[in-house]
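Asks: Before anything else, here's the structure in question.
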Amino acid sequence: MTDRLWLADAWRERLTQCGLFTVEAFLRWTDGRRVSWRENGLETLRIELQDATTPTLVGYLKRYSRFRGEWSYVRHARRLRREAAALLWLHERSLNAPPLLAWGVRSSWGVIVGSFVLTQEVEGADTLAEVWRRAAQTPAERHQLLARLAGVIGRVHHAGFIHGNLYGRNLLITAGSGDVHLIDFPACRMNPPWPISVFGAARDLSGLLNDLGPLSDEETATFLAVYGDARWPDHSPAARTRLVHRLEGRIRRHAAARRIRLQLKG
């Protein structure tokens, strides 16, 4: 077995005191509340690390730790390692994502048989899906939330990051400040080549806008205008307008393709 472990410097001592200083300890940790479990082996625990002298550390431990000899498991375990890399990449560029506390990979004969990611909980945050449902009755709040989302996503895409699963459940909104945080990156791409970045950005926006439900023409225009300003800050207004117009066409094509796939599945 070969282990690769990374601990954030700010939390290394705290995690070590709680016995979390090996990959095995993270993969076998049971002192937490299970938040989700999938048949493919992915498990998420909400853990609370308490100390008499410092505030309680609340985090989410996502792991694949039950290898059953399935190649699909290996693919998912590799995706979890990609998620850790994405979190580090985003924080190096001061982009919106939960703090990464630790990550680790266990390999056997070059095959990943276990992996984990530990992130800090975003205090007072709720999913975009829930926040949008509550704000659906107030047009002013809807416009404000759309503009905030568009600005964050535009900056993330401008930096060269494609989420790949940009839906309401994978965005957190902090109560009060309204800060937006991206979570869950199993299909993300960092600095992809030009064709993939164009396709991926349109796919991100198509999935998000579809998840928010029917938007008015004014709301869609507001979202795309703010997104264009954040995505292409160095372009002239006329150039941004042309780029947004092209992007809108790609979003519509993605939405049409999604409807066709759903009809075929039905």
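Asks: Looking only at the stretch 101-144, which residues have a backbone nitrogen under 20 Å from a spot 7 Å from the Cα of ALA10 in the C-beta direction?
Replies: 101-104, 117-126
Asks: Quick one, can you get me the convex hull of the C-alpha atoms of the stretch 2-120 expressed as volume per residue in Å³?
Replies: So the per-residue hull volume is 108 Å³.
Asks: For ARG38, ARG203, ARG258, ARG81, what's the fewest-to-most ordering of other Cβ within 10 Å of each Cβ?
Replies: ARG38, ARG258, ARG81, ARG203
Asks: Work out from phi, with θ = phi - 60° and the Karplus expression 6.51 cos²θ - 1.76 cosθ + 1.60, the ³J(HN,Hα) of each residue of the stretch 7-13, listed in order in whole Hz, and give x for Gly and Pro.
Replies: For the stretch 7-13, the Karplus curve yields 10, 5, 4, 5, 10, 4, 5 Hz.
Asks: So how do ILE47, ILE251 line up by other beta-carbon neighbours within 10 Å, fewest first?
Replies: Taking fewest neighbouring Cβ atoms as first place, the list is ILE47, ILE251.
Asks: Run lengths n ≥ 4 of DSSP H only: what is the helix-derived mean residue ellipticity at 222 nm for the chain, with -39500 (n - 2.57) per run over all residues, to the nearest 500?
Replies: -15500 deg cm²/dmol
Asks: In the stretch 197-217, which residues have a backbone nitrogen under 19 Å from the label point lying 7 Å from ARG148's Cα in the Cα-to-Cβ direction?
Replies: Answer for this model: 208-209, 211-213.
Asks: In whole Å, what are the Cα extents of the stretch 128-226 along the three principal axes, biggest one first?
Replies: Cα extents, longest axis first: 40, 26, 19 Å.
Asks: So, one more: Rg and Dmax of the chain over Cα atoms: what are they, in angstrom?
Replies: Spelled out, the Cα radius of gyration and Dmax of the chain are 20.0, 59 Å.
Asks: Of the chain, which part is the longest with no GluC sites (Glu not before Pro) in a loop (DSSP not H, G, I, E, B) and with at most 13 other C-beta atoms within 10 angstrom?
Replies: Maximal segment without exposed cleavage sites: 124-266.
Asks: Which FRET efficiency, nearest 0.05, do VAL58 and SER236 yield, Cβ-Cβ r, R0 35 Å?
Replies: Here the calculated transfer efficiency is 0.15.
Every number in this text was worked out from the coordinates using simple rules, so none of it is lab data. None of the values given here were measured: they were computed from a predicted structure. Here Cβ is always computed from backbone atoms with ideal geometry, including for glycine, and neighbour counts include all displayed protein chains.
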